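Worksheet: one structure, shown below.
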Amino acid sequence: MISAAKRLVTALAMVLGVATGTFAAECGSNSAGFEAWKQDFSGEVRGKFEPDTIQALLGTSYSRATIGADRGQKSFKLTLDQFMAKRGASAVASKGRSMKAANAQLFASIERRFGVPPGPLIAIWGMETAFGSFMGNQNTLSAVATLAYDCRRTEYFTDQLMAMLTLVDRGVLSASSRGAMHGEVGQTQFLPKNVLLYGVDGDGDGRINLDTKADALASTANFLKAHGWQAGAGYQPGQPNFAAIEGWNAATVYQQTIAIVGAQIDGSRSAESN
Ligand SMILES: [Ca+2]
């Protein structure tokens, strides 16, 4: 028992060591050190990834747009009503109902597979990218590499960069993949580590491509299931599935909005499960 536990601790330490910055490459707060960091970091992970993937990393450039967006993030507290108005929640609900009708088969197959009903998935889809309209146009590998280099959240984004390099290795994403400012990709804006952990093939073409709605929505359902979603249980605050929604986004008003808009889309069925 003890030795098994010890082995587990050792294995965990090794995994965490890889994931959380035993890297010596030096972070920086402007573009000046990026080339040197890239060389150092690439040297440290050489052998963990395919040579082409390392070349792709070496081909990244410092993303000023990403850093600008990161520095510009303002955290001001909105009330739930203010947040819902700002994010166009009522438009998401009404467009969401027509998206549900137009994609009925897709949502039925997702619910059979993961137990997650359409409402919360469509609320997330509408809030994140206006149903796939705005997925972002930043080079994902450069965005994530820039944030891994940047001193503000080096550890968190080094972890994301390792996931991104794994995805490039596997051909799920590539050196030319594009997405939002912090490296979020696809129709529901997964960070690379979430693509790696929860990405699934929703349309059965044998590939995971979160730029497609079927794969993005199935992966989002898989994310919620992995965060404890129980088929048939309610998802309003205080009900069993609200915890899975809390796993999606840290902001309380965002969580509440997903629950409210989701119920508006699911309609009477969600009222029955309340
Ligand atoms: Ca697919």
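The values are calculated or read from the model by the stated rules, or taken from the named source; none is laboratory data. Only a predicted model underlies this, so the values are computations on that prediction, with no experimental measurement involved. Note that we place each Cβ from the backbone using ideal geometry, even for glycine, and neighbour counts take in every protein chain shown.
Taking the conditions exactly as written (of a type in the set (S, T, N, Q) and in the same structural domain as GLU44 (by TED's automatic domain parsing)), does THR166 satisfy them or not? Spelling it out, THR166 is indeed of a type in the set (S, T, N, Q) and in the same structural domain as GLU44 (by TED's automatic domain parsing).
Being touching a helix residue (DSSP H, G or I) at 6+ places or on another chain (Cβ under 9 Å), loosely packed, with under 12 Cβ neighbours inside 10 Å and at pLDDT 95 or above is a property that holds for ARG64.
Just one residue in the set GLY238, GLY204, GLY262, GLY247 is farther than 23 Å from MET84 by Cβ and outside the structural domain of PHE157 (by TED's automatic domain parsing); that residue is GLY204. Could you tell me whether LEU210 is under 13 Å from the mean Cα position of the chain (by Cα), in the same structural domain as LEU106 (by TED's automatic domain parsing) and not hydroxyl-bearing (Ser, Thr, Tyr)? Answer is yes for this residue. Please verify whether PHE157 is of a type in the set (A, V, I, L, M, F, W, C), away from the ligand (no atom under 16 Å from the Cβ) and closer than 26 Å to GLN39 by Cα, treating the condition exactly as stated. The answer is yes for PHE157. Figure legend. Inter-residue proximity from the stretch 195-208: first residues among the small types (Gly, Ala, Ser), second residues within 7 Å of the ligand (Cβ to nearest atom) and assigned to a loop (DSSP other than H, G, I, E, B), beta-carbon distance below 7 Å, spacing 6+ or different chains. Indicated pairs: GLY199/ILE208. Annotation note: of GLN239, GLN230, the sole residue that is on the phi < 0 side of the Ramachandran plot, without any contact (Cβ under 8 Å) to a residue 40 or more places away in the chain and more than 14 Å from the ligand (Cβ to nearest atom) is GLN239.
Looking at VAL116, is it assigned to a loop (DSSP other than H, G, I, E, B), buried (at least 22 other Cβ atoms within 10 Å of the Cβ) and of a type in the set (Val, Ile, Thr)? It is true that VAL116 is assigned to a loop (DSSP other than H, G, I, E, B), buried (at least 22 other Cβ atoms within 10 Å of the Cβ) and of a type in the set (Val, Ile, Thr). Against the conditions (1) in contact (Cβ under 8 Å) with a residue 40 or more places away in the chain; (2) surrounded by fewer than 24 Cβ atoms within 10 Å (Cβ to Cβ); (3) not aliphatic (A, V, I, L, M), THR146 satisfies every one except (2). From the list LEU224, LEU196, the one residue that fits, being within 19 Å of the chain's Cα centre (by Cα), away from the ligand (no atom under 16 Å from the Cβ) and either buried (at least 19 other Cβ atoms within 10 Å of the Cβ) or aliphatic (A, V, I, L, M) (or both), is LEU224.
Of the residues making up the stretch 164-180, those that are over 15 Å from ILE208 (Cα atoms) and crowded, with 20+ Cβ neighbours inside 10 Å number 3.
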